[in-house]
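The block underneath contains the structure these notes are about, expressed in structure tokens.
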Amino acid sequence: MVAASVRETPRSRAHHHPHDYTRGSLLRALLRLAVPLLGGSFAMGVIFPIADLALLSRLGEAPMASVIMVNQTLWQVVMMMTMGVNFATQAQIAQAVGAGEPQRAEHIGAQSLTLGWMIAVAVAVVGWFGAEKLFDLAAPAESFVPYGGPYLRVLSLLSLGLTAGMTSRAILVGAGDTTTPLVAILVQVVTSLLAEWILIFGHLGFPPLGVTGAAIGVSLGQWAAMAVTLLALRRENAPVHLRVEKLRPDARALAAMVRMSWPAALQMIGMVASAFVFLRLAGAFGAAVQTAYSIGLRLAMILPGFSFPLATACATLVGQAVGAGDVARARRAIRVGVLVHGSVMGAFALALAVFREPILRVLTTDPEVVRVGGTYLLYLSASFAMMGFNLVVLRAMQGAGDFMMPMVISLTSTFLLSIPLAHLLVARTTLGPEGIWWGGVAGSIFTIVATAAWLATGRWAGRFARPRLDEAGHA
């Protein structure tokens, strides 16, 4: 291992990872990083939610909708907090690898895992004491109440598998290893679905646990995936080697990580707030509209499953280029990412718009749910088309170290435009639920305009041209 005071060259890093992403074809590099991520997203974002919905649907509409409401609103807050840490971790690991500083990368990775453990402890405490009260905040229909609280409590108690598993995958992705995260996700999907099948319905001698069994099954899969990635990081030839002694909390490094994480976490939580408010607005129109919106939210996780991998791969390329001091390559990486990502998202948005009603009929037999959900998915497809530009550019800026402006753009879109407009249209017009959908589309339009304007200034790159932590991971 090279000492911290010695700066490695790209070629001397070959024993850490076989690919040097600071040079060569950007398109090949993007695809090499993105293809395993796409495979993982297909498994987690398409296969798992469809199979999971199929299992939950056998419990009835109220248990299924309750689980969806928890996953797509309250639990998303935990997800977004963890993703904030992950985005900061990926950016800093990518910049350290690009700069040829392996010991710095090791320290950042270890401290990010420590922060993930702290989040899991906080989530467990809050979930244990407040699961039912938190579920009530989503204004569930009366028939949903018996199911949401117990499901949320179990997820909270076992959340370490989620936080540590996601963070360890972010470390690997920032270093340029996207294959190991794919393996971990495949293990997670198989373990979760098998455990859910056993525990929900009481197979193989286990008692039927219903939605509680669903929560335990999902959590078991997350713990299995966490084990895969942590074992990979413990290998001596890992792109970033996890050393147990570096897990000891370092107050300065943790503070620096929090400072970089909170804008991304707040940005993502703002997205959850929009879904939460829209869900409450939908509830005012009755159970059918709220159920349709809940199903639409779950299906909405499928297309970003293809979008996030491409954006994440682009963020790694941009971060490593910035770490190597090559801002021009970072800019070219964004252009390549937008071209590829925009093409993919446009195609999927079109498919969602065309086949929205057949998809919904697979999940429900209620014609009113199909009617309302079909309209919602039509509006949602327009937002997805715009996401082809928005997401990849915002994630690339984060890869370069600019977390503040993506947060400002996203929160402005959510709290100053999308949510107020939805309230106004519902209260002052005869659009009904479509007023909610129009609020979402308006937010997407604002985001694409503001993101393009900030990208054109070039200030996102110049301000973050060097890594921001020292060899020990301090600011």
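Computed on segment 367-406, the Cα convex hull volume stands at 72 Å³ per residue.
Ranked for footprinting exposure by Cβ neighbours inside 10 Å, fewest first, SER25, SER418 give SER25, SER418. Subtracting the Cα-Cα distance of GLU142 and MET118 from 0.36 nm times their residue separation leaves 5.2 nm of extension gain. Hey, what angle do you get for helix 48-57 against the long axis of the chain, alpha-carbon based, 0 to 90 degrees rounded to 10? In the chain, helix 48-57 runs at an angle near 20 degrees to the longest axis. With contacts taken as Cα pairs under 8 Å at a separation of at least 6 residues, the chain carries a relative contact order of 22 percent.
Each part gets one Cα centre, and for segment 37-92 versus segment 159-220 those centres are 11 Å apart. Between ARG248 and LEU424, take the C-beta separation as r, use R0 = 45 Å, and let me know the FRET efficiency to the nearest 0.05. Taking R0 as 45 Å, the efficiency between ARG248 and LEU424 is 0.30. The separation of segment 382-444 from segment 109-126, counted between C-alpha centres, amounts to 29 Å. For the chain, the longest principal axis of the Cα atoms and the long axis of helix 26-42 meet at an angle of about 40 degrees. Reducing segment 250-269 and segment 277-300 to their Cα centroids gives an inter-centroid distance of 32 Å. When GLU357, GLU245 are sorted by how many other C-beta atoms sit within 10 angstrom of their C-beta, beginning with the fewest, the order is GLU245, GLU357. Here r is the Cβ-Cβ distance between LEU204 and ALA328 and R0 is 60 Å; the resulting FRET efficiency, rounded to 0.05, is 0.55. Among SER261, SER381, the order by Cβ neighbours within 10 angstrom, fewest to most, reads SER381, SER261. Above 22 Å, the calculated P(r) of segment 132-264 contains 52 percent of its Cα-Cα pairs. Packing order of peptides 37-46, 61-70, highest average first: 61-70, 37-46 (average count of other Cβ atoms within 10 Å over each peptide's residues). In this structure, ARG58 and ALA452 have a Cβ-Cβ separation that, at R0 = 45 Å, corresponds to a calculated FRET efficiency of about 0.45. Here the chain was treated as a single set of alpha-carbon atoms; its pair distances binned every 20 Å from 0 give 25, 58, 17, 0 percent. Relative to the longest principal axis of the Cα atoms of the chain, the long axis of helix 145-157 makes an angle of roughly 20 degrees. Taking 0.36 nm per residue of separation and subtracting the Cα-Cα distance, full extension of the segment from THR412 to VAL258 would add 53.3 nm.
No lab work stands behind these numbers, since they all come straight from the coordinates. Worth saying up front: this structure is predicted, and the values here are computed from it rather than measured. When we count neighbours, we look across all protein chains shown, and the Cβ atoms used for this are built from the backbone with ideal geometry, even at glycine.
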